[in-house]
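Reviewing the structure listed below.
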Amino acid sequence: MRDTAAQPTRTYVLHPALKSANARRLPEHGLAEAVALAAALPELDIRGAEVVRLSRTSPATLIGSGKVEDLKTRFKADEIELVLVDGTVSPVQQRNLEKEWGVKLLDRTSLILEIFADRARTREGVLQVELAALSYQRTRLVRAWTHLERQRGGFGFVGGPGETQLEADRRAIDDQVIRLKRQLDKVVKTRELHRASRRKVPFPLVALVGYTNAGKSTLFNRMTGAEVLAKDMLFATLDPTMRGITLPAPDGGAGRKIIASDTVGFISDLPTQLVAAFRATLEEVLEADLILHVRDISHPETAEQAQDVAEILTSLGVKPAVPVLEVWNKLDLVDPAARAALALGATGRDRVFPVSALTGEGVPTLLDAISLVFDEAKTDQTLILPFAEGRKRAWLHQEGVVMAEVEAEDGYHLTLRWTARQEKRFRDL
């Protein structure tokens with residue numbers, strides 16, 4: 001008998017840190033995040049990790065020749081098969097290092113793409129990951145096939161060189177990218193239809209956003225009673241999920257119903273290919289009436305993570321007018337002395353709520369705050385609708401904002417009492 005199961009790949013993680021770089025976070029924390037990213041992939045055996053401090057980068061090998069030799073000896077002794085570099089590695093640097101060390105090498109973008117490819121479950125997720133991977137691969141084609149160059153091209157006997165294998169590969173990728181974009185266009189149209197039908201229903205949308213592994217899915221499950229995968233792992237959630245929630249009323253009964261949306265987590269230096277490919281999914285955040293920014297308050301770099309999330313939301317085009325509640329999650333992991341300081345800091349800030357999604361602590365207060373956001377002041381207004389605007393009239397009645405209605409020669413004369421949010425949604429119809 002012989003065990004034919006695949007053995008875990010022996011892996012080493014490197015985090016290059018330029019001494020001159022004005023980095024926002026400590027290299028040691030960057031290395032810890034890189035190790036956590038590697039642990040998110042199955043069948044990897046992490047044998048070691050270290051920060052490589054650089055005075056400058058080498059165009060050929062990224063790091064200096066002495067360090068390359070030192071690591072080569074160590075990799076050979078430990079039988080390392082895969083090296084993960086937590087940073088950007090050019091195609092030339094990757095080829096030279098793989099040749100020198102005799103290992104497979106992945107940079108940060110490749111690693112995140114591998115994780116997303118492993119997690120994609122829905123057809124939409126698979127398409128988005130495939131598009132991102134192809135867009136990334138196209139930039140990394142190297143001249144490895146020049147022996148297949150066609151020596152004749154053009155007209156007559158004296159023609160320039162024909163299409164090289166490199167150009168053929170690039171064209172094949174471009175053709176595949178066009179095919180995927182057409183399929184994703186259908187996804188975008190389907191999502192837009194879903195959004196249009198949601199606009200007809202008088203339920204506001206609340207989107208949970210935050211850094212990866214901040215506990216969004218655990219909080220989502222706590223709020224909705226859903227069973228979305230929630231693990232102590234980076235990018236445990238890839239496909240967005242939506243559930244309805246009935247908020248508590250001030251008198252203790254059932255209050256307003258909302259729709260909560262759990263989204264994919266963000267990360268620093270998120271590959272541009274992923275942002276572009278997942279735009280159809282991330283655009284759900286743009287439709288939100290309220291954003292819950294979930295932070296892992298127990299993380300040593302929680303402030304830096306919050307800044308990364310804010311930058312990504314700005315790049316997506318989230319309007320400043322959309323209200324944001326900041327949720328300080330994972331209180332159960334904070335020691336008692338620090339918890340008192342956190343509670344004091346939250347008290348002095350508007351729209352900040354310390355919670356523990358795991359134990360439920362602070363979640364009822366958060367739900368009450370969400371209720372207050374949607375219990376907005378109402379104003380009275382008179383509106384004249386032409387008889388041809390039957391769909392808009394039906395929407396107003398469905399929302400329950402019509403106080404009185406009179407038919408006249410020029411159309412329906414409606415007396416409305418509504419909130420600013422309802423008025424905006426009406427104008428968007």
- Set of lysines with alpha-carbon distance to residue 19 below 21 Å, sequence-local pairs under 8 removed: 67
- Burial order of peptide ranges 167-173, 258-264 (average beta-carbon count within 10 Å, highest first): 258-264, 167-173
- Item | Label point 7 Å beyond Cα of residue 67 along Cβ direction - residues of segment 23-40 with amide nitrogen under 18 Å | 23-35
- Message: Just to verify a number: FRET efficiency for residue 170 and residue 203, C-beta to C-beta distance, R0 = 51 Å, to 0.05?
- Response: 0.65
- Hey, with R₀ at 41 Å, roughly what FRET efficiency would residue 319 and residue 55 work out to, going by the Cβ-Cβ distance, to 0.05? 0.40
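Compute the length gained on full extension between residue 287 and residue 28: take 0.36 nm times their separation in residues and subtract their Cα-Cα distance, giving the result in nm to one decimal.
Numbers: separation 259, 0.36 × 259 = 93.24 nm, distance 3.72 nm.
That works out to 89.5 nm of additional length.
Apply 1/(1 + (r/R0)^6) to the Cβ-Cβ distance of residue 413 and residue 307, taking R0 = 56 Å, and write down the FRET efficiency to the nearest 0.05. Write down the numbers at each step before the final one.
Values: r = 51 Å, r/R0 = 0.91.
Calculated value: 0.65.
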- How much length is gained on full extension from residue 139 to residue 188, taking 0.36 nm per residue of separation minus their Cα-Cα distance? 15.1 nm
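With a probe of 1.4 Å, find how much accessible area segment 43-106 has per residue, and write the answer as a whole number in Å². Present the calculation step by step, with values, prior to reporting the outcome.
Values: 3500 Å² over 64 residues.
Averaged over the residues of segment 43-106, the accessible area is 55 Å².
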- Query: What is the Cα centroid distance between segment 61-88 and segment 355-427, reported in whole angstrom?
  - Reply: 61
- Full-extension gain in nm, residue 123 to residue 332, via 0.36 nm per residue minus C-alpha separation: 71.6 nm
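Can you pull the Rg over Rh of segment 288-327, Cα-only, Kirkwood?
On the way: Rg = 10.7 Å, Rh = 10.8 Å.
When Rh is taken as the Kirkwood radius, the ratio is 0.99.
The values are calculated or read from the model by the stated rules, or taken from the named source; none is laboratory data. The structure displayed is predicted, hence computed values, not measured ones. Neighbour counts are summed over all protein chains in view; Cβ atoms, including those assigned to glycine, are modelled from backbone coordinates with ideal geometry. For the accessible areas, the whole protein counts, side chains as well, though only heavy atoms, and no ligand, DNA or RNA atoms are used. Shrake-Rupley method; radii C 1.70, N 1.55, O 1.52, S 1.80 Å.
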